[in-house]
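The values are calculated or read from the model by the stated rules, or taken from the named source; none is laboratory data. Computed from a predicted structure; not experimentally measured. As a convention, Cβ positions derive from the backbone with ideal geometry for all residues, glycine included, and neighbour counts pool all protein chains shown.
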Amino acid sequence: MRRSFAAASLLAAAFTAAPALAQDAFPVTIAHVFGETVIEQKPERILTISWMSQEAIIALGETPIAMQRQGWGGNAEGYLPWTIEALEARGEALPPVFDGGSGLPFEQILGYAPDLIFAPYSGFSEDDYERLSAIAPTVAYRDAPFTAEWRYVVETAGRVLGKSEEAAELLAAVDAQLAGYREQYPVLEGATFIFGSGSTGEDGNIGVYIPADPRVGLLSDLGLVPADALYDLPTDAYAQPISLEQLGTLEADVFAAWYTTQEDLDTILANPLFARWEPIAEGRFVPAVGASYGMALSAPSLLSIPWVMDRFVPELAAALEE
């Protein structure tokens, strides 16, 4: 995928540590939904769970001893393309991966002998948290499952590694990139949007993400505004079903959604209830087709944002100019 010079420079910055930066003092206490985790000293054997966690650790110059396999969006072995690029850029081998789709493999995790389990964007239960904490100090998610804002993940990684200043500098570099997009594409500023979950509509619904979801946060970073209807959704899950028959009641300047395959996209486009929804009928629709493309937008990070935005932002701006 082609990248701009700015994006390539950001990637390079993310792969190199800055030894001149001050290190945080330990111990560090991280509050989360299940209580607090105290990290007595800088961890050396970090195991990561779920999305975004490993990217934050890698971008800050460390390599997990193991990380959860990314079956959707990753290659056959379960590695995301921007993770591969980051580690290859500094000449490091890919760490082993473990499955977690049908439940965490606690014995396997124990076998890696981690001294920290890092999962600020995840969704495991309190019982699972207790089992993980018996293995190593565990940083769980802050509030609801799978809703952590990507900056929070980076900031938390900075704290657990004693690299808060470096994390802040990397975040500032991404913010500068996002600001550049807003300047280049002023049509983004103030436009309302809904982000969808790639539903085919075969069950009579599409899925849309609530305002706390990181996908919604990423578009907000570009200057867009979540549609009012999103604030009326339940918050018990990060994606909520919307009946196709109710789509006409939802107002938005643009609709973006990921689709695993072109066949999935073709299926929803063939549904007349979807096709006549105003954003679709008027061409204000940005489908992200392909698992890696969809995953990059679903798991924004210091690594995935440079990887995807040179493609996504122009498509988004073109749809708004329809």
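In the set Y141, Y129, which member is part of a helix (DSSP H, G or I), touching a His at 6+ places or on another chain (Cβ under 9 Å) and either farther than 28 Å from H32 by Cα or touching a residue at least 12 places away in the same chain (Cβ under 8 Å) (or both)?
Details: Y141 fails: part of a helix (DSSP H, G or I).
So the residue among Y141, Y129 that is part of a helix (DSSP H, G or I), touching a His at 6+ places or on another chain (Cβ under 9 Å) and either farther than 28 Å from H32 by Cα or touching a residue at least 12 places away in the same chain (Cβ under 8 Å) (or both) is Y129.
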Among the residues in segment 207-221, are any touching a Lys or Arg at 6+ places or on another chain (Cβ under 9 Å), surrounded by fewer than 16 Cβ atoms within 10 Å (Cβ to Cβ) and free of Cβ contacts under 8 Å to residues at least 40 places away in the same chain? no
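So that you can scan it fast, the table gives a plain yes or no per residue for (1) touching a residue at least 40 places away in the same chain (Cβ under 8 Å); (2) surrounded by 15 or more Cβ atoms within 10 Å (Cβ to Cβ):
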{"site": "A227", "(1), (2)": "no, yes"}
{"site": "Q240", "(1), (2)": "no, yes"}
{"site": "A281", "(1), (2)": "no, no"}
{"site": "R284", "(1), (2)": "no, yes"}
{"site": "V289", "(1), (2)": "no, yes"}
{"site": "S301", "(1), (2)": "yes, yes"}
{"site": "W307", "(1), (2)": "yes, yes"}
Got a sec? Which of T138, T156, T147 is hydroxyl-bearing (S, T, Y), touching a helix residue (DSSP H, G or I) at 6+ places or on another chain (Cβ under 7 Å) and not assigned by TED's automatic domain parsing to the domain that holds D236? T138
Yes/no for E92 being of a type in the set (D, E) and outside any helix (DSSP H, G or I): yes
Confirm whether E322 is modelled with pLDDT of 95 or more and either in contact with a Leu (Cβ under 9 Å, 6 or more places away or on another chain) or among the charged types (D, E, K, R) (or both). no
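Being surrounded by fewer than 17 Cβ atoms within 10 Å (Cβ to Cβ) and among the polar types (S, T, N, Q) narrows it down to one of T260, T235, so name that one. Walk me through how you get there before you give the answer.
On the way: T260 fails: surrounded by fewer than 17 Cβ atoms within 10 Å (Cβ to Cβ).
After ruling out the rest, the residue left standing is T235.
Residue-wise test of (1) hydrophobic (A, V, I, L, M, F, W, C); (2) surrounded by fewer than 22 Cβ atoms within 10 Å (Cβ to Cβ); (3) outside any loop (DSSP other than H, G, I, E, B).
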residue: P145; (1), (2), (3): no, yes, no
residue: Y152; (1), (2), (3): no, yes, yes
residue: T156; (1), (2), (3): no, no, yes
residue: R159; (1), (2), (3): no, yes, yes
residue: L178; (1), (2), (3): yes, yes, yes
residue: I194; (1), (2), (3): yes, no, yes
Positions within segment 228-250 being touching a strand residue (DSSP E or B) at 6+ places or on another chain (Cβ under 7 Å) and not hydrophobic (A, V, I, L, M, F, W, C), in sequence order: P234, Y238, Q240, P241, S243
Answer yes or no as to whether E245 is more than 24 Å from T147 (Cα to Cα), touching a Leu at 6+ places or on another chain (Cβ under 7 Å) and not aliphatic (A, V, I, L, M). yes
How many of the residues making up segment 44-63 are under 18 Å from the mean Cα position of the chain (by Cα) and in a loop (DSSP other than H, G, I, E, B)? 5
Filtered residues of segment 144-163 (kept if over 11 Å from the mean Cα position of the chain (by Cα) and modelled with pLDDT under 95): A144, P145
When residues of segment 77-102 are limited to those that are free of Cβ contacts under 8 Å to residues at least 12 places away in the same chain and under 27 Å from Y238 (Cβ atoms), the one surrounded by the most Cβ atoms within 10 Å (Cβ to Cβ): I84
